[in-house]
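What follows is a set of notes on a single structure, which appears directly below.
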Amino acid sequence: MDHFINPDRITETFAYCLKSGLIKPDDDTSIVFYDFDQLKQKTKLLKQAFPENTLHTSAVKANPLIKVLEKVKDFNLGAEVASEGELRLVIKTGFSNDNIVFDSPAKTFQELEFALRNNIRINSDSFMELDRISKIKETLSSNSKIGLRINPQVGYGSIEATSVAGEYSKFGIPLKNHLNEILDYFLKYNWLSGIHMHIGSQGCNADLLINGFELGLKLIKEINQSIKNQDRKLEFIDIGGGLPVSYHHNLTPPDIKDYGNRIKNMFGLYELGNMQLITEFGRFLHANSGFILSKVEYAKHYNESNTIIIHSGADILLRECLNPGNWFHEFSVLNKEGKVKKSINTKKYHIAGPLCFANDIVARNVELPQVDEGDYIVIHDTGAYTFGMWSKYLSRPFPKVIGFDNSNYKIIRNRESFDEIIKFWT
Ligand code: LLP
């Protein structure tokens, strides 16, 4: 499958949306698109790659739009949440309790109580959190399954800012020096029944992810050995997300089928019976399913540099602007009617956002055909961690979102109104 929504398909989408009035060119200076067919295809590949009884959840932080979550649920995926807001979002969407996984290093007493009362699976980030859960369990009965997040300390991927399994990480229990305490806690709390880990997001190759998984399996063996006298075994291992995607049509990302096979083989080697596997992919499911169209408000052609000012900057592409060496989207140019501009006479452009700070620049020195005022820039592969990291800086409206499959196009979220913005700051 081509991971990249091809520019001709984008042209067709844009032309339809213009003609049917879904896009109003004067108001919709930035529009987010999401392709449900891509999500369906990714879901299928994921399910085929892993053992059949795996619970696959979608990391809600990657794409929290309710209409996307509804599809995620319809495709029989669960939801991984990392705050009470996300938890309430997925309950409202109708996910069943046993398909929800609650992670977060900052769960309050109230949040834990809410999750326990609703029988939601919780991955605890610390021993202190386990003690809180124990206290709450004295006051109510709950069927929540509880796991403990460990940091297997396998090292960083190529992007430090999204790597969470180095020697130090703010997440989980560092495995190397805390094995005895971990074993003690599993002995002490007989409701503790799983292990959770997440190595990092993008930049972590399959070897690193598999190394972490293997340390998790080894730990489970040791825990099972230690709780044998209690006549019980651990029930689940949650491997988090982290499979990298490609942001460039010429680059091949790790293959989900190979990754799934390696997980299956390793799992088999450890003979853990019918222990359940859980995944929490975000980027793999969503990144290639979205693109952003942003109108060129000004094209500044000077001898020494060319800068185009568009309407999507660090408010929606936060990492790309603040951490530019690590994120490389591809761009296309459409004219006013949505036709892809192609030319051999290209120029180098800085693609700058609308915000008031110097590094609100989405990409520098990008080779593009001549760009003119009123054209649109397509930013490819923006379905994960873009609008989910939306910033209210400068009080600009959150863009309209259009979802599509085949040739059905729908507004799945309206552009934010100025009244809503005023309400936010009131
Ligand atoms: N599970 C946990 C516990 C996570 O923290 C994450 C991502 C995932 C699963 C999903 O990882 P994925 O499959 O999407 O790689 N652009 C953002 C990315 C942060 C990722 C956060 N955690 C950023 O730069 O902050």
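When you go through (1) touching a strand residue (DSSP E or B) at 6+ places or on another chain (Cβ under 6 Å); (2) among the aromatic types (Phe, Trp, Tyr); (3) open to solvent by 50 Å² or more (accessible area, probe 1.4 Å) one by one for PHE95, which number turns out not to apply?
All conditions pass for PHE95, except number (3).
How do the helices (runs of 4 or more DSSP H) wholly within the range 1-79 filter down when requiring 1 or more residues that are away from the ligand (no atom under 16 Å from the Cβ) and of a type in the set (Gly, Ala, Ser): which remain? Break it down into steps so the answer makes sense when it comes.
Details: elements: 7-19, 36-49, 66-74.
Of the helices (runs of 4 or more DSSP H) lying wholly inside the range 1-79, those with at least 1 residues that are away from the ligand (no atom under 16 Å from the Cβ) and of a type in the set (Gly, Ala, Ser) span 7-19.
Checking the structure you have, find out if any residue of the range 273-281 is within 23 Å of ASP103 (Cα to Cα), surrounded by fewer than 22 Cβ atoms within 10 Å (Cβ to Cβ) and hydrophobic (A, V, I, L, M, F, W, C).
Scanning the range 273-281, I find at least one residue that is within 23 Å of ASP103 (Cα to Cα), surrounded by fewer than 22 Cβ atoms within 10 Å (Cβ to Cβ) and hydrophobic (A, V, I, L, M, F, W, C), so the answer is yes.
When you scan the range 307-400 for strands (runs of 3 or more DSSP E) that lie fully inside it, which ones turn up with 1 or more residues that are under 15 Å from THR29 (Cα atoms)? Outline the logic, then answer.
Numbers: elements: 331-334, 346-352, 361-369, 376-379.
Where strands (runs of 3 or more DSSP E) fall fully within the range 307-400 and carry at least 1 residues being under 15 Å from THR29 (Cα atoms), they are 331-334, 346-352, 376-379.
Does SER169 meet the test of being within 27 Å of PHE387 (Cα to Cα), open to solvent by less than 50 Å² (accessible area, probe 1.4 Å) and in contact with a strand residue (DSSP E or B) (Cβ under 9 Å, 6 or more places away or on another chain)? Give the derivation first.
Working: within 27 Å of PHE387 (Cα to Cα): yes; open to solvent by less than 50 Å² (accessible area, probe 1.4 Å): yes; in contact with a strand residue (DSSP E or B) (Cβ under 9 Å, 6 or more places away or on another chain): yes.
So SER169 passes the test.
Where in the range 251-304 are there strands (runs of 3 or more DSSP E), lying wholly inside it, with at least 3 residues that are more than 25 Å from the chain's Cα centre (by Cα) and assigned by TED's automatic domain parsing to the domain that holds ALA384? Walk me through how you get there before you give the answer.
Numbers: elements: 276-281, 290-295, 298-301.
The qualifying strands (runs of 3 or more DSSP E) are 298-301.
Residues in the range 124-151 that are part of a loop (DSSP other than H, G, I, E, B) and more than 13 Å from the ligand (Cβ to nearest atom): how many? Before you say what the answer is, go through the steps one by one.
Here is the first cut: in the range 124-151, the residues part of a loop (DSSP other than H, G, I, E, B) are 125-126, 138-145.
Retained after the next criterion (residues that are more than 13 Å from the ligand (Cβ to nearest atom)): 126, 138-145.
The number of residues fulfilling the criteria is 9.
Does the range 390-426 hold any residues that are open to solvent by 60 Å² or more (accessible area, probe 1.4 Å) and more than 28 Å from PHE36 (Cβ to Cβ), and which are they?
TYR393, LEU394, PHE418, ASP419, ILE422, LYS423, PHE424, TRP425, THR426
Residues of the range 41-62 being open to solvent by 10 Å² or more (accessible area, probe 1.4 Å) and either of a type in the set (A, V, I, L, M) or not assigned by TED's automatic domain parsing to the domain that holds ALA82 (or both), which ones?
Once the filter is applied, which keeps residues that are open to solvent by 10 Å² or more (accessible area, probe 1.4 Å) and either of a type in the set (A, V, I, L, M) or not assigned by TED's automatic domain parsing to the domain that holds ALA82 (or both), the range 41-62 yields LEU45, LEU55.
Take the residues of the range 194-219 that are closer than 30 Å to ASP231 by Cβ and either open to solvent by 10 Å² or more (accessible area, probe 1.4 Å) or without any contact (Cβ under 8 Å) to a residue 24 or more places away in the chain (or both): which is nearest to the ligand (Cβ to nearest atom)?
Filtering the range 194-219 down to residues closer than 30 Å to ASP231 by Cβ leaves 194-197, 212-219.
From what's left, either open to solvent by 10 Å² or more (accessible area, probe 1.4 Å) or without any contact (Cβ under 8 Å) to a residue 24 or more places away in the chain (or both): 214-215, 218.
On the way: GLU214: 18, LEU215: 16, LYS218: 21 Å.
Here the answer is LEU215.
Applying the selection to the range 152-165, what residues are of a type in the set (Gly, Ala, Ser) and more than 14 Å from the ligand (Cβ to nearest atom)? So that I can check it myself, show each step before the final result.
First, pick out the residues of the range 152-165 that are of a type in the set (Gly, Ala, Ser): 155, 157-158, 161, 163, 165.
Of everything in the range 152-165, just one residue is of a type in the set (Gly, Ala, Ser) and more than 14 Å from the ligand (Cβ to nearest atom), namely GLY155.
Does the range 18-34 include one or more residues that are more than 15 Å from the chain's Cα centre (by Cα), open to solvent by less than 40 Å² (accessible area, probe 1.4 Å), hydroxyl-bearing (Ser, Thr, Tyr) and not assigned by TED's automatic domain parsing to the domain that holds ASP238?
There is at least one residue in the range 18-34 that is more than 15 Å from the chain's Cα centre (by Cα), open to solvent by less than 40 Å² (accessible area, probe 1.4 Å), hydroxyl-bearing (Ser, Thr, Tyr) and not assigned by TED's automatic domain parsing to the domain that holds ASP238.
Keeping to the range 116-161, report how many residues are under 21 Å from the mean Cα position of the chain (by Cα), crowded, with 21+ Cβ neighbours inside 10 Å and among the β-branched types (Val, Ile, Thr).
Summing the residues that are under 21 Å from the mean Cα position of the chain (by Cα), crowded, with 21+ Cβ neighbours inside 10 Å and among the β-branched types (Val, Ile, Thr) in the range 116-161 gives 3.
Could you check, for the range 175-189, whether at least one of its residues is in contact (Cβ under 8 Å) with a residue 24 or more places away in the chain, farther than 29 Å from ASN97 by Cα and crowded, with 18+ Cβ neighbours inside 10 Å? Give the derivation first.
Restricting attention to the range 175-189, the residues satisfying the condition of being in contact (Cβ under 8 Å) with a residue 24 or more places away in the chain are 175, 179, 181-183, 185-187, 189.
Applying the additional criterion that residues be farther than 29 Å from ASN97 by Cα yields 175, 179, 181.
Next, from what is left, pick out any that are crowded, with 18+ Cβ neighbours inside 10 Å: 175.
Yes, the range 175-189 contains a residue that is in contact (Cβ under 8 Å) with a residue 24 or more places away in the chain, farther than 29 Å from ASN97 by Cα and crowded, with 18+ Cβ neighbours inside 10 Å.
Taking into account only those residues within the range 223-250 that are acidic (Asp, Glu) and more than 21 Å from the chain's Cα centre (by Cα), which is nearest to the ligand (Cβ to nearest atom)? Give the steps one after another, and end with the answer.
Just the residues of the range 223-250 that are acidic (Asp, Glu), to begin with: 231, 235, 238.
Restricting the remaining residues to those that are more than 21 Å from the chain's Cα centre (by Cα) gives 231, 235.
Working: ASP231: 31, GLU235: 19 Å.
Filtering the range 223-250 for residues that are acidic (Asp, Glu) and more than 21 Å from the chain's Cα centre (by Cα), the one nearest to the ligand (Cβ to nearest atom) comes out as GLU235.
The values are calculated or read from the model by the stated rules, or taken from the named source; none is laboratory data. Everything quoted here is computed from the prediction, not taken from an experiment. All Cβ positions, even for glycine, are placed from backbone atoms using ideal geometry, and neighbour counts span all protein chains on display. For accessibility, only protein heavy atoms count, side chains too; no ligands or nucleic acids. Shrake-Rupley method; radii C 1.70, N 1.55, O 1.52, S 1.80 Å.
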